[in-house]
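> Right, I'll just put the structure down here and ask away after.
The values are calculated or read from the model by the stated rules, or taken from the named source; none is laboratory data. None of these values were measured; they are calculated from a predicted model. Using ideal geometry, Cβ is built from the backbone for each residue, glycine included, and neighbour counts are taken over all protein chains shown.
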Amino acid sequence: MIPIAKPNIDNREIMKVVSTMEQGLLAQGELVFEFEKNFARHFGYHHAAAISNGTVALHVALKAAGVKPGDLVLTTPFSFIATSNAILYCDAIPCFVDISEETFNISPDSLQEAIKQHPEAKYLLLVHLFGQSCPMDEIMSIANANGIKVIEDCAQAHGATFNNQPVGSFGVCGTFSFYPTKNMTTGEGGMLTSTDEQFILYCKKLINHGSLVRYVHEITGYNYRLTNLAAAIGLIQLKKINEMNTKRKHNANFYYKNINNVNVELPKIDPRSDHVFHQFTLKTDFRDELIDYLTHNQIGTGIYYPIPIHRQQSIIEYLSFKKVKISECPVADKTSNQVLAIPVHPSVTKNELEYIADVINHFLPRK
């Protein structure tokens, strides 16, 4: 089976971790601080704070941005549920904004409409989904005109840009995940980025029990620290990320040139966006048949995401308890029944790419 995802780990990461363990540097320490500096420098961010995973990065970003209980946070219904769970951690209210049929990211038109319906909303948590930036010109224009703070979930978009500006540098904060399936990994881990040094310092307090100086606790914080072991992996991954992203783009480009089946729609790219293809997500009205067909032919697939967040039982119950009506998101509902990802990760070989394209080209659904 050709896997849908595969971490790109080799002897360099292994040796770095072994060296770190031999030195006894297991918890947070100098390697974490080095990882923060190198991450910021590599991608062009002013400041960065390492954290234990992408979900808590969202939690800290929202808290540092000022989200309080009862606040309304505009967000996408089409993402992993961690995006909305972070809003719930703040005892705030997710207000769902429908997506674009073409890019799967938040639609500026839907955002405008949501703000008209909820003028009290002062926060937007967006997601640069599958490796492609949201249309940040339009979104930042809308946000700035309405006094809305923007937090960018970049968990799937390491190295992505919009008009040559890195995602995670438009709003008050960007957040990243280093889960094993992501474009770069530390096993588990995350990062926050910002142009505001004071914002990042506040995030670092929240990450470390409210403390920047040992045993001096200025605020109530959490234990969201990244370990040196994770940072050791991250430092090596940073040296490889350009090569890995280039391979993802190469693989995606091969699909664009070689997949031709009227029953399958290839992902659309905003020409202003440098897409890093965390996923290569097809759309089809024959998804179940295509999954069975590809599985039979030993090709792994993934559905991201089969149930939109606003249809998840945990969200429905939370908003019912808060006596909040759930927004309608018809495009997200429709899209969740059509999407199917195929392997695009750096380990997919040329022969496998040719095989996958050929198999898809021969797919003929029972109509």
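> Against the definition (free of Cβ contacts under 8 Å to residues at least 60 places away in the same chain and farther than 30 Å from His345 by Cβ), how does Leu111 come out, yes or no?
Yes.
> How about region 177-200: which of its residues are more than 30 Å from Asp10 (Cα to Cα), in contact (Cβ under 8 Å) with a residue 40 or more places away in the chain and not in a loop (DSSP other than H, G, I, E, B)?
Hits for region 177-200 are Ser194, Glu197, Phe199, Ile200.
> Restricting attention to region 161-173, which residues are in a loop (DSSP other than H, G, I, E, B), surrounded by 24 or more Cβ atoms within 10 Å (Cβ to Cβ) and either touching a Phe, Trp or Tyr at 6+ places or on another chain (Cβ under 7 Å) or in contact (Cβ under 8 Å) with a residue 60 or more places away in the chain (or both)?
Correct list: Gly168 only.
> Quick check on my filter: what residues within region 223-274 are touching a Lys or Arg at 6+ places or on another chain (Cβ under 9 Å) and charged (D, E, K, R)?
Lys239, Lys240, Glu265, Asp274
> Given the condition out of contact with any Gly (no Cβ under 8 Å at 6 or more places or on another chain), assigned to a loop (DSSP other than H, G, I, E, B), on the phi < 0 side of the Ramachandran plot and not acidic (Asp, Glu), answer yes or no: does some residue in region 237-260 qualify?
Yes; the residues of region 237-260 include at least one that is out of contact with any Gly (no Cβ under 8 Å at 6 or more places or on another chain), assigned to a loop (DSSP other than H, G, I, E, B), on the phi < 0 side of the Ramachandran plot and not acidic (Asp, Glu).
> Here's another thing I want to ask about it. Sort out for me the helices (runs of 4 or more DSSP H) sitting completely within region 1-81 that have 2 or more residues that are in contact with a Phe, Trp or Tyr (Cβ under 8 Å, 6 or more places away or on another chain) and of a type outside the set (Lys, Arg).
Qualifying helices (runs of 4 or more DSSP H): 54-65.
> Also, I was wondering about something else. Could you please find all residues in region 98-125 being acidic (Asp, Glu) and in a helix (DSSP H, G or I)?
Asp109, Glu113
> Return the residues of region 202-236 that are crowded, with 16+ Cβ neighbours inside 10 Å, farther than 15 Å from Ala49 by Cα and either in contact with a Phe, Trp or Tyr (Cβ under 9 Å, 6 or more places away or on another chain) or of a type in the set (D, E, K, R) (or both); say none if nothing qualifies.
Result: Ala232, Ile233.
> Across region 32-74, what is the number of residues that are farther than 29 Å from Glu328 by Cβ and aliphatic (A, V, I, L, M)?
Residues flagged as farther than 29 Å from Glu328 by Cβ and aliphatic (A, V, I, L, M) within region 32-74 amount to 10.
> Still on this structure, I have one more. For region 28-41, does any single residue satisfy the condition of being aromatic (Phe, Trp, Tyr), surrounded by 23 or more Cβ atoms within 10 Å (Cβ to Cβ), at pLDDT 95 or above and in contact with a strand residue (DSSP E or B) (Cβ under 8 Å, 6 or more places away or on another chain)?
So far as region 28-41 goes, yes, one or more of its residues are aromatic (Phe, Trp, Tyr), surrounded by 23 or more Cβ atoms within 10 Å (Cβ to Cβ), at pLDDT 95 or above and in contact with a strand residue (DSSP E or B) (Cβ under 8 Å, 6 or more places away or on another chain).
> Continuing with the same structure: Would you please name the residue that is farthest from Val213 (Cα to Cα), looking only at residues in region 8-27 that are under 24 Å from the mean Cα position of the chain (by Cα) and surrounded by 18 or more Cβ atoms within 10 Å (Cβ to Cβ)?
Asn8
> Further question: Can you tell me which residues in region 204-246 are within 21 Å of Glu30 (Cβ to Cβ) and of a type in the set (Phe, Trp, Tyr)?
Residues satisfying the conditions are Tyr215, Tyr224.
Residues are listed down the side, and each one gets a yes or a no for (1) part of a loop (DSSP other than H, G, I, E, B); (2) touching a residue at least 40 places away in the same chain (Cβ under 8 Å); (3) charged (D, E, K, R):
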{"residue": "Gly159", "(1), (2), (3)": "yes, yes, no"}
{"residue": "Thr175", "(1), (2), (3)": "no, yes, no"}
{"residue": "Arg225", "(1), (2), (3)": "yes, yes, yes"}
{"residue": "Ala232", "(1), (2), (3)": "no, yes, no"}
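> In the set Asn251, Asn208, Asn261, Asn228, which member is more than 17 Å from Leu129 (Cα to Cα), more than 22 Å from the chain's Cα centre (by Cα) and not assigned by the TED database to the domain that holds Cys90?
Matching residue, one of Asn251, Asn208, Asn261, Asn228: Asn261.
Per-residue answers, yes or no, for (1) of a type in the set (S, T, N, Q); (2) more than 17 Å from the chain's Cα centre (by Cα):
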residue	(1), (2)
Thr55	yes, no
Leu62	no, no
Gly70	no, yes
Thr76	yes, no
Ile87	no, no
Thr103	yes, no
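> Considering region 267-294 alone, what residues qualify as being assigned to a helix (DSSP H, G or I) and in contact (Cβ under 8 Å) with a residue 40 or more places away in the chain?
Arg287, Glu289, Leu290, Ile291, Tyr293, Leu294
> A follow-up question, please. Can you pull out every residue in region 130-146 that is in contact (Cβ under 8 Å) with a residue 60 or more places away in the chain and part of a helix (DSSP H, G or I)?
Selection gives Phe130, Gly131, Asp137.
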